[in-house]
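*Asks:* What follows is a single structure, and I will ask about it in a moment.
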Amino acid sequence: MLSIVATLCVLTAQAPGVAPALTPRDSAFHALNRLAYGARPGEADSVAKVGVMRWIEQQLDADHIPDSRLAAREREFKILDYDRADLAGRYRDAVQERQRLQREAAATGDSSRMRGARPMQEFRELGGELQQLAIVRAAISERQLREVMVDFWTNHFNVFVGKGADRFLLPSYIEETIRPRALGRFEDLLIATARSPAMLFYLDNAQSVAPGSSPPGPLSALRRGGTGVRRGINENYARELMELHTLGVDGGYTQQDVINVARMFTGWSIEQPDRGAGFVFHDWAHDQGDKVVLGQKFKSDGEDEGIRLLKFLANQHATMHHVSAKLCARFVADEPPDGCVDAAVAAWQKTHGDIRAVLRAIVTSPDFWTPQVVRAKVKTPFEFVVSAVRAAGVEPDDTPRLAQMVARLGEPLYQQPAPTGYAETEAHWVNSGALLARMNAGLVIAKECTSIPMIDDHAQLVDQIDQRLMAGTMSPHTKTVILEQLTDIADPQQAKTLAVGLALGGPDFQKQ
Amino acid sequence: MTISRRIFVKDSALALVSFGLDPLFLPRAVFSPYRRLSSLTVPYRPELVCLFQRGAVDGLNMIVPHGEGAYYQERPRIAIPANDVVDLDGHFGLHPSLAPLKELWDNKSLAAIHAVGSPDSTRSHFDAQDYMETGTPGVKSTADGWANRYCQHDREHADTPFRAVGFGPQLPRILAGSAPSLAIDDLQAFGLRVPQEAARDRLTRAFEELYDGAGTGLLASSSREGFEAVQMLKRANPTQYVPAGGVEYPPGRLGKTLLQIAQLIKADVGVEIAFADCSGWDTHVNQGSSDGQLSTRLRELGLALAAFNKDLGERMSNIVVLTMSEFGRTIRENGNSGTDHGHATAMLALGGPVNGGRVLGRWPGLGVEQRFEGRDVAVTTDFRDLFGEILARHLGATDLGAVFPGYVPSPTRFVGAIRG
């Protein structure tokens with residue numbers, strides 16, 4: 001009932017409470033900043049015309065949004081032509097080649113050939129392609145909210161592409177594990193990540209075995225991952241599963257719970273690369289005892305016991321609260337108000353973790369629309385670059401340059417080694433070096449801006465930039481400074497580039 | 001003309017700030033005797049350079065306990081043969097790839113600290129690195145790094161944007177926090193990347209004015225620090241840098257980073273703490289012995305440190321370089337001729353203030369009953385005691401309790417890394 005009232009308030013552009021209401025255009029721009037990667041020129045107006053809540057509903061129903069232009073662009077990316085088995089084979093060859101060169105270099109004392117040959121080069125290039133693909137999708141997909149959620153979950157269930165086999169496991173993780181479930185049910189996503197080879201390798205579960213267990217045959221490939229001769233349970237995944245993926249650090253679990261969860265996942269592993277590197281359950285490695293987690297008894301039941309645990313964790317109140325608060329930090333404010341978090345938790349509870357229902361609860365919460373939160377959040381580097389590209393009408397190409405730009409601003413995609421993923425908060429992204437890099441990025445993107453015509457009259461030029469790039473939200477101070485800078489510039493091309501560069505690199509555009 | 005106007009604008013902005021408009025900035029404006037002097041004189045200013053060997057370096061093959069029989073028994077394939085070890089004191093020796101550092105050992109400016117590490121038993125890289133950088137082993141929720149907390153609490157030097165610099169695209173955890181610190185990926189490219197100087201100055205000024213109007217938030221204060229840094233670097237003009245005495249840094253990222261740190265220190269812009277990563281130490285497979293994987297990494301490290309030392313010359317009398325790594329590796333080699341995640345490791349301290357020419361810390365021995373959990377080198381020096389000693393005795397920190405919450409590094413536990 002509450003959410004319907006809130007929806008009606010928004011539909012009539014009456015923000016609840018005493019604060020002055022957002023205009024329909026401001027509401028649309030706000031929604032585009034948070035639920036999409038910023039507005040393309042004119043988009044705030046077109047969304048306002050459709051009605052912001054109707055637009056949000058369309059975005060939640062992503063499968064019914066035609067996206068043919070993106071589909072055409074995706075065909076340029078050869079990484080999408082390879083499945084996990086292809087990549088696994090190529091990776092194995094590259095590793096063998098590198099080891100051969102290492103042995104040669106060690107034998108001859110000459111490492112120069114190693115540097116020249118770079119057997120892993122292909123994987124570095126594929127990694128770059130994967131990053132650029134993320135940028136192309138975020139920039140041009142019509143299914144904007146889904147792309148935002150893909151980024152959110154990729155970060156929530158972070159996997160570091162630089163860790164060994166994850167160099168070849170990450171593409172299928174993104175394509176097959178995260179993307180199809182980004183607007184689905186949390187529980188399904190959680191199970192899919194738990195079973196994904198990428199996560200099994202990243203958090204070492206692939207090598208976690210019951211103490212004293214031994215494989216029926218030789219097991220050299222499994223040993224490679226890490227703990228070597230001394231084998232037993234590995235708690236890494238179990239700990240991060242509860243601390244980061246589900247309950248949260250204050251979620252009430254104990255070290256004994258961590259150990260018991262690790263025991264439940266013993267045997268969850270990865271096939272050898274020449275068999276496709278898919279998920280495999282090794283019964284021989286599984287801890288056959290019964291386990292207790294958070295006071296709940298789990299009878300030993302092979303692989304199913306882990307699935308039951310994941311479903312149990314996915315629907316704990318602590319999980320609902322932890323993940324909802326994280327969603328609200330992304331969509332509402334770095335320190336989200338309780339109201340929107342409570343609304344999200346209620347929707348989660350009611351729908352058994354339907355992500356779309358949870359998102360709907362957040363965007364119909366009055367907290368989402370209060371003027372205090374509007375344009376009060378700093379964009380992450382990825383959001384900043386993609387929103388600038390969209391506003392300036394720049395077509396992202398398949399070279400890694402935009403991905404490199406995002407990396408220079410401090411957020412190299414898929415390259416966060418820590419399982420926490422990247423932070424959502426301003427303090428993490430704003431430092432003097434990163435800000436200078438944002439200014440540089442603004443200047444570079446401005447050179448390719450196609451969304452602003454050349455105009456001789458400076459006041460008109462600045463007004464166009466304000467309207468088309470920022471939906472009329474440019475601050476008077478920014479306008480004044482840009483106009484001052486233009487006074488001695490006669491060439492309209494130069495004036496445009498300078499003005500757009502200052503606008504994109506300036507403080508207003510850093511916010512969403 | 002442009003420049004003097006810029007300085008005028010900046011100074012008046014600072015005056016405004018020091019009347020109390022920006023709480024974060026105020027204390028720094030109050031304690032700012034150094035700023036005005038920066039291009040004129042070089043006061044004594046101790047500097048600390050930290051290198052994080054990410055991936056957990058094998059301390060036993062870096063500083064080799066060649067006098068210990070167990071070392072050879074446990075590592076039949078990867079131990080450094082006694083003939084190859086560069087002996088230091090009859091019991092320990094350097095990996096042969098670190099031979100370039102022997103000279104520094106001999107002149108007493110290089111010390112090794114053995115069996116140092118974390119009281120937390122984690123063998124997760126993530127957790128252990130995090131603990132070493134936050135300075136709070138076992139506590140994951142710590143938001144800031146210990147180097148930043150030092151800067152927060154010892155503010156009397158805090159007057160330059162270059163006080164704490166992390167080399168890399170992102171600010172490392174160790175420098176994260178409320179005290180200003182700077183991430184520099186490439187010194188040459190720091191600031192606006194506009195080829196023409198006049199255009200660059202103009203754009204810099206324009207952005208500066210834009211951000212001056214951004215109020216008092218983090219965007220405003222961070223941008224102010226950024227522009228100040230650009231201005232100081234411009235005056236210092238480090239673009240034409242040539243290392244002293246024909247020193248050549250080894251190729252690769254580490255050499256390039258140390259060269260830039262040397263450059264920044266010599267530019268006298270007020271560096272107090274510089275931090276850089278140096279990766280590739282997670283040697284689970286084919287670690288190698290005198291040659292091989294680890295040897296290659298150590299060679300680069302040794303050459304880079306030796307070059308840095310020579311390049312800075314006299315200035316090394318004010319500098320301490322400290323290596324650190326999240327944990328050590330197993331005493332016994334594994335089935336893949338490598339080593340797995342262990343516990344204590346070794347760290348190197350280099351520089352004039354270092355009490356060099358000795359292996360510091362209590363050596364626990366490698367006997368089975370002396371090991372941690374029956375397999376790893378036991379920790380006899382909590383890393384906070386080592387870091388704390390360097391902060392207190394070298395940088396002059398006065399409040400170590402605030403730097404390492406929940407722990408007070410005690411002088412009685414200091415290993416004596418810094419000369420008295």
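The values are calculated or read from the model by the stated rules, or taken from the named source; none is laboratory data. Note that this is a predicted model, so its numbers are computed, not measured. Glycine gets a Cβ as well: all are built from the backbone with ideal geometry, and neighbour counts include every protein chain shown.
*Asks:* Could you please find all residues in the stretch A:415-440 being surrounded by 23 or more Cβ atoms within 10 Å (Cβ to Cβ) and either more than 10 Å from chain B (Cβ to nearest Cβ) or in a loop (DSSP other than H, G, I, E, B) (or both)?
*Replies:* Hits for the stretch A:415-440 are A:P419, A:N431.
*Asks:* Can I ask one more? Could you say which residue among B:S223, B:S178 is hydroxyl-bearing (S, T, Y), at the interface with chain A (Cβ under 9 Å from one of its Cβ atoms) and part of a loop (DSSP other than H, G, I, E, B)?
*Replies:* B:S178
*Asks:* Residue check, B:G357 against (1) touching a Lys or Arg at 6+ places or on another chain (Cβ under 6 Å); (2) crowded, with 17+ Cβ neighbours inside 10 Å; (3) more than 13 Å from every other protein chain (Cβ to nearest Cβ), all met but one. Which one?
*Replies:* The one condition B:G357 does not meet is (2).
*Asks:* Within the stretch B:371-382, does at least one residue satisfy the condition of being aliphatic (A, V, I, L, M) and crowded, with 24+ Cβ neighbours inside 10 Å?
*Replies:* The answer is yes; a qualifying residue exists.
*Asks:* Suppose we filter B:G280, B:G252, B:G288 for residues that are surrounded by fewer than 24 Cβ atoms within 10 Å (Cβ to Cβ), assigned by TED's automatic domain parsing to the domain that holds B:I63 and in contact with a Lys or Arg (Cβ under 9 Å, 6 or more places away or on another chain); which single one remains?
*Replies:* Being surrounded by fewer than 24 Cβ atoms within 10 Å (Cβ to Cβ), assigned by TED's automatic domain parsing to the domain that holds B:I63 and in contact with a Lys or Arg (Cβ under 9 Å, 6 or more places away or on another chain) holds for just one of B:G280, B:G252, B:G288, which is B:G280.
*Asks:* A follow-up question, please. Do you know which residues across the stretch B:186-203 are part of a loop (DSSP other than H, G, I, E, B) and within 8 Å of another protein chain (Cβ to nearest Cβ)?
*Replies:* Of everything in the stretch B:186-203, those that are part of a loop (DSSP other than H, G, I, E, B) and within 8 Å of another protein chain (Cβ to nearest Cβ) turn out to be B:F190, B:G191, B:L192, B:R193, B:V194.
*Asks:* Could you list, in sequence order, all residues of the stretch A:447-482 that are among the hydrophobic types (A, V, I, L, M, F, W, C), assigned to a loop (DSSP other than H, G, I, E, B) and within 13 Å of chain B (Cβ to nearest Cβ)?
*Replies:* Correct list: A:M474 only.
*Asks:* Still on this structure, I have one more. In the stretch A:248-272, what count of residues is obtained for those that are assigned to a helix (DSSP H, G or I) and surrounded by fewer than 22 Cβ atoms within 10 Å (Cβ to Cβ)?
*Replies:* Residues that pass the stated criteria total 5.
*Asks:* Of the residues B:G420, B:G367, B:G401, only one is loosely packed, with under 14 Cβ neighbours inside 10 Å, at pLDDT 95 or above, over 19 Å from the mean Cα position of the chain (by Cα) and on the phi < 0 side of the Ramachandran plot; which?
*Replies:* After applying the criteria, what remains is B:G367.
*Asks:* Can I ask one more? Considering only residues that are touching a residue at least 12 places away in the same chain (Cβ under 8 Å) and within 11 Å of another protein chain (Cβ to nearest Cβ), look in the stretch A:237-247 and name the one that is surrounded by the fewest Cβ atoms within 10 Å (Cβ to Cβ).
*Replies:* Top of the filtered list is A:L244.
*Asks:* Would the stretch B:248-256 turn up any residue that is without any contact (Cβ under 8 Å) to a residue 12 or more places away in the chain and not in a helix (DSSP H, G or I)?
*Replies:* Scanning the stretch B:248-256 turns up at least one residue that is without any contact (Cβ under 8 Å) to a residue 12 or more places away in the chain and not in a helix (DSSP H, G or I).
*Asks:* Restricting to the stretch A:483-510, give me the number of residues that are within 25 Å of A:E426 (Cα to Cα), more than 8 Å from chain B (Cβ to nearest Cβ) and not in a helix (DSSP H, G or I).
*Replies:* 0
*Asks:* Within the bounds of the stretch A:248-269, is there any residue that is within 14 Å of another protein chain (Cβ to nearest Cβ) and among the hydroxyl-bearing types (S, T, Y)?
*Replies:* yes
Table: residues versus (1) surrounded by fewer than 19 Cβ atoms within 10 Å (Cβ to Cβ); (2) modelled with pLDDT of 95 or more; (3) at positive phi; (4) out of contact with any Cys (no Cβ under 9 Å at 6 or more places or on another chain).
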{"position": "A:D304", "(1), (2), (3), (4)": "yes, yes, no, yes"}
{"position": "A:L309", "(1), (2), (3), (4)": "no, yes, no, yes"}
{"position": "A:T319", "(1), (2), (3), (4)": "no, yes, no, yes"}
{"position": "A:S324", "(1), (2), (3), (4)": "no, yes, no, no"}
{"position": "A:D338", "(1), (2), (3), (4)": "yes, yes, no, yes"}
{"position": "A:R360", "(1), (2), (3), (4)": "no, yes, no, yes"}
{"position": "A:S387", "(1), (2), (3), (4)": "no, yes, no, yes"}
{"position": "A:L409", "(1), (2), (3), (4)": "no, no, no, yes"}
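Yes/no matrix, rows are residues, columns are (1) at pLDDT 90 or above; (2) buried (at least 21 other Cβ atoms within 10 Å of the Cβ):
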{"site": "A:L8", "(1), (2)": "no, no"}
{"site": "A:T23", "(1), (2)": "yes, no"}
{"site": "A:H30", "(1), (2)": "yes, yes"}
{"site": "A:L35", "(1), (2)": "yes, yes"}
{"site": "A:M53", "(1), (2)": "yes, no"}
{"site": "A:Q58", "(1), (2)": "yes, no"}
{"site": "A:D63", "(1), (2)": "yes, no"}
{"site": "A:A72", "(1), (2)": "yes, no"}
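*Asks:* Looking at the stretch B:377-420, which of its residues are farther than 18 Å from B:T323 by Cα, part of a helix (DSSP H, G or I) and in contact (Cβ under 8 Å) with a residue 40 or more places away in the chain?
*Replies:* Result: B:A402, B:V403.
*Asks:* Tell me, please, whether a residue that is surrounded by 24 or more Cβ atoms within 10 Å (Cβ to Cβ) and at positive phi can be found in the stretch B:123-139.
*Replies:* Taking every residue of the stretch B:123-139 in turn, at least one turns out to be surrounded by 24 or more Cβ atoms within 10 Å (Cβ to Cβ) and at positive phi.
*Asks:* Restrict the check to the stretch A:484-500 and report whether at least one residue is of a type in the set (G, A, S) and closer than 21 Å to A:A28 by Cα.
*Replies:* no
*Asks:* Turning to a different aspect of this structure: Scan the stretch B:323-352 for residues that are away from chain A (no Cβ under 14 Å) and either modelled with pLDDT under 95 or buried (at least 23 other Cβ atoms within 10 Å of the Cβ) (or both) and report the count.
*Replies:* The total comes to 11.
*Asks:* Return a yes/no flag: does the stretch B:109-130 have any residue that is part of a helix (DSSP H, G or I) and either modelled with pLDDT of 95 or more or among the basic types (K, R) (or both).
*Replies:* So far as the stretch B:109-130 goes, no, none of its residues is part of a helix (DSSP H, G or I) and either modelled with pLDDT of 95 or more or among the basic types (K, R) (or both).
*Asks:* Given the criterion surrounded by fewer than 24 Cβ atoms within 10 Å (Cβ to Cβ) and touching a Phe, Trp or Tyr at 6+ places or on another chain (Cβ under 7 Å), identify the matching residue among A:T450, A:T487, A:T497, A:T473.
*Replies:* That would be A:T473, the only listed residue that is surrounded by fewer than 24 Cβ atoms within 10 Å (Cβ to Cβ) and touching a Phe, Trp or Tyr at 6+ places or on another chain (Cβ under 7 Å).
*Asks:* Please state which of the following conditions B:V165 fails to meet, knowing it meets all the rest: (1) more than 7 Å from chain A (Cβ to nearest Cβ); (2) in contact with a Leu (Cβ under 9 Å, 6 or more places away or on another chain); (3) part of a helix (DSSP H, G or I).
*Replies:* (3)
*Asks:* Given the options B:A183, B:A206, name the one that is within 12 Å of chain A (Cβ to nearest Cβ), free of Cβ contacts under 8 Å to residues at least 24 places away in the same chain and assigned to a strand (DSSP E or B).
*Replies:* B:A183 is the lone residue from the list that is within 12 Å of chain A (Cβ to nearest Cβ), free of Cβ contacts under 8 Å to residues at least 24 places away in the same chain and assigned to a strand (DSSP E or B).
*Asks:* Please work out which residue is farthest from the other protein chains (Cβ to nearest Cβ), limiting yourself to the stretch A:375-384 and to residues that are under 16 Å from A:G433 (Cβ atoms) and in a helix (DSSP H, G or I).
*Replies:* Step by step, filter the stretch A:375-384, then rank; the result is A:F384.
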